[in-house]
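First the structure, in the form of structure tokens, and then the observations on it.
The values are calculated or read from the model by the stated rules, or taken from the named source; none is laboratory data. All values reported here derive from a predicted model rather than from experimental measurement. Methodologically, a virtual Cβ is constructed for each residue, glycine included, from the backbone with ideal geometry; neighbour enumeration extends over all protein chains shown.
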Amino acid sequence: MSDAARAFHQRIDAALADRALGDALALTTGRLAGGRAAAMAAFADAEAARDEARRIRAAAIARLDQLLERFEREATARGCRVHWAETAADATRIVTAIAQEARVTLAVKSKSMVSEEIELNAALERSGVRVVETDLGEFVVQIAGDRPSHIITPIIHRSRHDVARLFREKANAAPEDVADIPAMTAFARRTLRAEFLQAGMGISGANVAVAETGTVCLVTNEGNGRLTTTLPRVHVALVGIERIVPSAADLAAVLSLLARSATGQALSVYTSLISGPRRAGAGPGPAKGGEPDGPDDVHVVFVDNGRSRLLGGPLAEILYCIRCGACLNVCPVYQKVGGHAYGGVYPGPVGSVVMPGLLGLEAWSELAQASSLCGACREACPVRIDLPRLLLEVRRQAAAKRLAPRWLRVAMPVYAAVARRPRLYRSAVAAAGLLGRMVAKGGWIRWLPGPLGAWTASRDFPAPATRSFLQQHRLRKEAAR
Amino acid sequence: MTGARGRILESIRSGLVRAALPSAEHAGVPDAKAGRGGSIEAMVERFGAVLTALSGRVHRAASPEVPALVADIAAAHGVRSFLAWDETELGCPGLLEGLAARGLARVDYRMPTDPDARIRLAQALEPIGLGVTGGHAAIAENGAVVLVSGPGRGRLVSLLPAVHVAIVSERRLRPTLADLVREEPRLLDAGSNVVLVAGPSRTADIEMALSHGVHGPKHVHVVLTA
């Protein structure tokens, strides 16, 4: 087993041993998955909408280069500055340079998974810019020195008591500020308002980017996305290059599914559609006639960081993802272990494809093993991504790179050789059945030797039937005759 | 970063040539939803039900009744001064005058470009308790009001105060966002900031417990005018 795999197994064990985490996961994933199911059921024609959204995403990815160029042209014409970052390091360098050029010392941030992916906060802090996360969950994550455990609701893993303690210890909250959840919410509002009013730069992600108007679409429920992109004089939007759709009509189709799939809402509370900085008036001077507020500078940073490389390969379909988190909530593995066990920025089924896809098989391919391939993710996905196929593909690539455990690499060709020879296969099945029944006690196998012990270490295996499937099938056919 | 731009586009193009993408097999789904949704009354009812479920408040009023209605909302929250869009942008003639006559003071503002002056003005605006805007449209399906930024149409008006009142004509109700975009394909170009607001600010980040007014307004009133 590789170090990465061993560490993954240790995180899983730790998560499974955490009772409070298990309760929190059951509550949250149950609520979110239930909300999604209800919202989709009440939707006019959910299946047609999913087909349409998939078609839109597929068509957009199929001409991604043209759409990015169109976006750049349109956004530039509306006063945006568009930057291109090949890697995480390039992206953080670009944002840091923008901050320095604008003499920014305080930046407020709206929740952005891409910013987590490129580890932007640390880079900005190193260059002397204080960064404040403003999404309530992300704010808690930040003051705890923690990581988000879900792409939509980042602090699934924390109780109200945890949050109260953190606010008291790390954010100078008074006892009455943490009396209950509304009090804590009000405390966060007050604390973060002060930061918003003083920040020189706002940093956001983008849920969708619209090529025909160079528009960044940002959805939040709290309103922190709006404050982040309205109060500071500079707005920087980090946009994963695959976020793009051609037109407003396509955006409407994606939005009709995004919040329904994420939280069961028909639409998030705030959908901001940003096309450039505030506009000057027709009259003389900037003070007259133009827009009274909004940023004076808007930067869009296209982040590749491994995405374009995926396009050429069999994992490309993951680029259709709209990051709703529905696949996390329905995944029987995520439901039990939560986001931290996956160890990366993107957890769950989508993360098990995205992490090895973007950041490499060596460190991340093991994630794809943590799936029963039950297909719940594919059923929940608003753009019908065939996640089980992609998870299998990650496993296949890992095996081809000899990243699978050695015993498995030896055993699978042996199995394949046996399975291709019917007579040999039947004898092997009979032998295995016999051996299985010998080690079984009370109808269950609780112990197996060698590498097979990995199976029985955490689960019992039913004893093989006295007659194999093939034997039973033959007997039935004969009886029917 | 022209080099990066070229390399990213080149990487995309070479990927697309080799792409093993599943085809978009469902091209051309018939657009059955166009024109659906029917009467204004039906949309008013739907919009009201959806927004109420989101903890927003919906009122119906003729234009002359609006000043008294908004003044009542202000009084209920103990508000004396307010932010507002210009009268021409509110779609309700006489509203600002009516509010002034009821003792409410409108604070007009324009963010300076100077960083420090900007911060000082933002801090001065922060305690104001009410913002009044005019909706470009409203969406029955999801309870959202569409606000378009522009001269005389500040974005902070619907964002900083704890109470937001949006005035929208009933005739501007549309069944879905898709319907609105179909009718106005250039909607995103109407202003540098187009925002859909569906009810009060909310969060459920802590233990999935719903809590309102975390960053945006805690109270949202939509006044549908005849």
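Write out, first by first residue and then by second, each pair whose Cβ atoms fall under 9 Å of each other, whose residues are 6+ apart or on separate chains, and whose first residue, in the range A:295-313, is under 30 Å from B:ARG110 (Cβ atoms) while the second is assigned to a helix (DSSP H, G or I) and among the aromatic types (Phe, Trp, Tyr).
A:VAL300/A:PHE71
Tell me whether the range B:43-52 contains one or more residues that are touching a residue at least 24 places away in the same chain (Cβ under 8 Å) and closer than 28 Å to B:LEU125 by Cβ.
Yes, the range B:43-52 has at least one match.
For B:THR113, all conditions in the list (1) within 13 Å of another protein chain (Cβ to nearest Cβ); (2) in a helix (DSSP H, G or I) hold save one; what is the number of the exception?
(2)
Only one of A:GLU222, A:GLU176 is crowded, with 18+ Cβ neighbours inside 10 Å and acidic (Asp, Glu). Can you tell me which?
A:GLU222
Is it the case that some residue within the range B:194-210 is more than 8 Å from chain A (Cβ to nearest Cβ) and out of contact with any Asp or Glu (no Cβ under 6 Å at 6 or more places or on another chain)? Step through it out loud before you land on a result.
First, the residues of the range B:194-210 that are more than 8 Å from chain A (Cβ to nearest Cβ): B:210.
Pick out the ones that are also out of contact with any Asp or Glu (no Cβ under 6 Å at 6 or more places or on another chain) and you get B:210.
Yes, there is a match, as at least one residue in the range B:194-210 is more than 8 Å from chain A (Cβ to nearest Cβ) and out of contact with any Asp or Glu (no Cβ under 6 Å at 6 or more places or on another chain).
Out of the residues in the range A:171-182 that are more than 8 Å from chain B (Cβ to nearest Cβ) and in a helix (DSSP H, G or I), which is nearest to the chain's Cα centre (by Cα)? Give the derivation first.
Taking the range A:171-182 first, the residues more than 8 Å from chain B (Cβ to nearest Cβ) are A:171-180.
Add one more test, that the residue is in a helix (DSSP H, G or I), and what stays is A:175-178.
Working: A:PRO175: 35, A:GLU176: 35, A:ASP177: 32, A:VAL178: 30 Å.
Selected residue: A:VAL178.
Using the structure shown, decide if A:ALA188 is surrounded by 23 or more Cβ atoms within 10 Å (Cβ to Cβ), touching a Phe, Trp or Tyr at 6+ places or on another chain (Cβ under 7 Å), farther than 30 Å from A:VAL245 by Cα and touching a residue at least 12 places away in the same chain (Cβ under 8 Å).
yes
I want to confirm something. Restricting to the range B:116-145 and keeping residues that are among the acidic types (Asp, Glu) and surrounded by fewer than 20 Cβ atoms within 10 Å (Cβ to Cβ), which single residue is farthest from the other protein chains (Cβ to nearest Cβ)?
Result: B:ASP116.
Would you mind telling me which numbered condition in (1) of a type in the set (D, E, K, R); (2) surrounded by 24 or more Cβ atoms within 10 Å (Cβ to Cβ); (3) away from chain A (no Cβ under 11 Å) B:GLU170 fails?
(2)
Tell me whether the range B:146-155 contains one or more residues that are aliphatic (A, V, I, L, M), surrounded by fewer than 24 Cβ atoms within 10 Å (Cβ to Cβ) and either within 8 Å of another protein chain (Cβ to nearest Cβ) or within 20 Å of A:LEU218 (Cβ to Cβ) (or both). Working first, answer last.
First pass over the range B:146-155, keeping only residues aliphatic (A, V, I, L, M): B:146-148.
Checking which are surrounded by fewer than 24 Cβ atoms within 10 Å (Cβ to Cβ) leaves us with B:148.
Right, trim to either within 8 Å of another protein chain (Cβ to nearest Cβ) or within 20 Å of A:LEU218 (Cβ to Cβ) (or both) and you get B:148.
Yes, the conditions are met somewhere in the range B:146-155.
Among B:LEU224, B:LEU147, B:LEU196, which is the only one that is farther than 26 Å from A:ARG278 by Cα, aliphatic (A, V, I, L, M) and assigned to a strand (DSSP E or B)?
B:LEU224
Just the residues that are farther than 27 Å from A:ALA259 by Cβ and not in a helix (DSSP H, G or I), please, taken from the range A:347-401.
Correct list: A:GLY360, A:ALA370, A:SER372, A:LEU373, A:LYS401.
Got at least one residue in the range A:71-89 being assigned to a loop (DSSP other than H, G, I, E, B), within 26 Å of the chain's Cα centre (by Cα) and not basic (Lys, Arg)?
Yes, the range A:71-89 has at least one match.
Can you pull out the residues in the range A:46-68 that are within 7 Å of chain B (Cβ to nearest Cβ) and free of Cβ contacts under 8 Å to residues at least 12 places away in the same chain?
A:ALA48, A:ARG55, A:ALA62, A:ASP65 - these are the residues of the range A:46-68 that are within 7 Å of chain B (Cβ to nearest Cβ) and free of Cβ contacts under 8 Å to residues at least 12 places away in the same chain.
Could you check the range A:257-267 and list, in sequence order, the residues that are buried (at least 24 other Cβ atoms within 10 Å of the Cβ) and either facing another protein chain (nearest Cβ under 7 Å) or at pLDDT below 95 (or both)?
A:LEU267
Restricting to the range A:422-481, count the residues that are closer than 30 Å to A:LEU16 by Cα and not in a helix (DSSP H, G or I).
Going through the range A:422-481 one residue at a time, the tally reaches 16.
Looking at this structure, is A:VAL239 closer than 30 Å to A:GLN397 by Cβ, among the β-branched types (Val, Ile, Thr) and either at pLDDT below 95 or in the same structural domain as A:THR76 (by TED's automatic domain parsing) (or both)?
Yes; evaluated as a whole, the condition is true for this residue.
Can you tell me which residue among A:GLU195, A:GLU138, A:GLU125 is acidic (Asp, Glu), assigned by TED's automatic domain parsing to the domain that holds A:ALA77 and buried (at least 21 other Cβ atoms within 10 Å of the Cβ)?
Exactly one residue qualifies, and that residue is A:GLU138.
Please determine, by comparing only the residues of the range A:111-170 that are in contact with a Lys or Arg (Cβ under 7 Å, 6 or more places away or on another chain) and in a helix (DSSP H, G or I), which one is farthest from the other protein chains (Cβ to nearest Cβ).
A:SER115
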